[in-house]
Amino acid sequence: MAECDAMNEQMPLLLTESLGREERERAHQHIENCAACAAEWKAYRATWSELGELPEVEVPARVKEQFLSTIGASRDSKVIPMRSRLAPGPRPSALPRWFAQAAAVVILVGGSYYAGNRTAPLRVLPSPATIQSVEQTPYSIAETRVLNASAISPNIEGRPNIQNVQFVDADASDNQIGVSFDVTSRVTVTGAPTDKSLVRLLSYVLERDNSTSPSRSNAIDWVRRTYSDPNHADPEIADALAKVLRNDTHEGVRIRAVETLKDMSPASSGTRDALIDALKNDPNPAVRIKALEALSNLAKAGTALDAKTIDTLRAKASQDDENPYVRVKAAELLSEIP
């Protein structure tokens, strides 16, 4: 809460680009990860945009004199001439809620000069403005997308890394141009373990073709800790791990995948098939042993093993060139099946 209060005080300076680079970057990172501050920041920017569209009028002399007397300045003091963007209109009580917030922005920004050059304290009363609702558009994670310029905010937040820029003009006669680029940005997705969007994202992370990345092994370990809980079980996660077990070239990753499948329930048909394929074809005996342990867990949990699984276990138990420990584990599992 204290961090959000400090963030609210910095928003006017962020809006006018008065923060240093590091402070600006920290501010944007906080806004990206705090829903309340993100809504507040959106309101600030909308307010600033509205103010920019109002006509400029001279500040009335009586208003200027009243302001100077409030801050303790005399009529002869040298004060930077002020222009106001407050247009004539209805009484303040009839104005929209965002106008009160706009007034707070103007006072904070405009008063910074006097606050820094006068000893008399300048008080800014808190604005009672509230955000009733914020329109949110679902964020789509995609490899490529085409966006209309009108759908893009003109404000670039933080310091995103933009690379591989290409300028596009497919039709010179339609008065339309394009800019294509790759952008690197940090995205944090939060939600319940059973949230389908989060499950789909984790499945993609597990299935991506990057077998040497340590983050993939870390992802499997994290999935094991989270989805071994029966309340969080999801067949899509199990199927993603089954694909890792089938396709990954790194034996350490395959071992982690089969260990995770061993602790997950209930199993899908894709999970059982992946374990059978690993038992039959995986070149590493440690992976084959883990596959047998996972199948044994399924049998103990009440999952019926089909005829194909039974035949594979019998073949492994009697295979002369198989690892002796694999043969013993296969025979033990056969003896446990009713």
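The values are calculated or read from the model by the stated rules, or taken from the named source; none is laboratory data. Keep in mind it's a predicted model, so treat the numbers as computed, not measured. We place every Cβ from the backbone using ideal geometry, glycine too, and count neighbours over all the protein chains shown.
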Go through the stretch 225-250 and give me each residue that's outside any loop (DSSP other than H, G, I, E, B) and more than 15 Å from residue 207 (Cα to Cα). 225, 226, 227, 230, 231, 232
Hey, does the stretch 213-222 have a residue that's farther than 27 Å from residue 301 by Cα and in contact (Cβ under 8 Å) with a residue 24 or more places away in the chain? yes
In the stretch 182-215, what residues are of a type in the set (S, T, N, Q), closer than 22 Å to residue 254 by Cβ and modelled with pLDDT of 85 or more? 203
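Results for (1) surrounded by 19 or more Cβ atoms within 10 Å (Cβ to Cβ); (2) among the aromatic types (Phe, Trp, Tyr); (3) in a helix (DSSP H, G or I), shown as yes or no for each residue.
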| residue | (1), (2), (3) |
| --- | --- |
| 257 | yes, no, yes |
| 272 | yes, no, yes |
| 275 | yes, no, yes |
| 280 | no, no, yes |
| 299 | no, no, yes |
| 303 | no, no, no |
| 313 | yes, no, yes |
| 338 | no, no, no |
Looking at 336, 332, can you tell me which residue is over 18 Å from residue 237 (Cβ atoms), modelled with pLDDT under 85 and of a type in the set (Asp, Glu)? 336
Cβ-Cβ under 7 Å pairs, at least 6 apart or on other chains, the stretch 7-33 side more than 14 Å from residue 185 (Cα to Cα), far side not in a helix (DSSP H, G or I): 10/19; 13/19; 27/19
Extreme residue, surrounded by the most Cβ atoms within 10 Å (Cβ to Cβ), among residues of the stretch 222-255 that are within 18 Å of residue 198 (Cβ to Cβ) and of a type in the set (Ser, Thr, Tyr): 227
Could you please give the count of residues in the stretch 152-177 that are in contact with an Asp or Glu (Cβ under 7 Å, 6 or more places away or on another chain) and either farther than 30 Å from residue 21 by Cβ or exposed (fewer than 10 other Cβ atoms within 10 Å of the Cβ) (or both)? 3
Going through the stretch 162-195 one residue at a time, which ones are under 24 Å from residue 27 (Cβ atoms) and touching a residue at least 24 places away in the same chain (Cβ under 8 Å)? 184, 185, 186, 187, 188
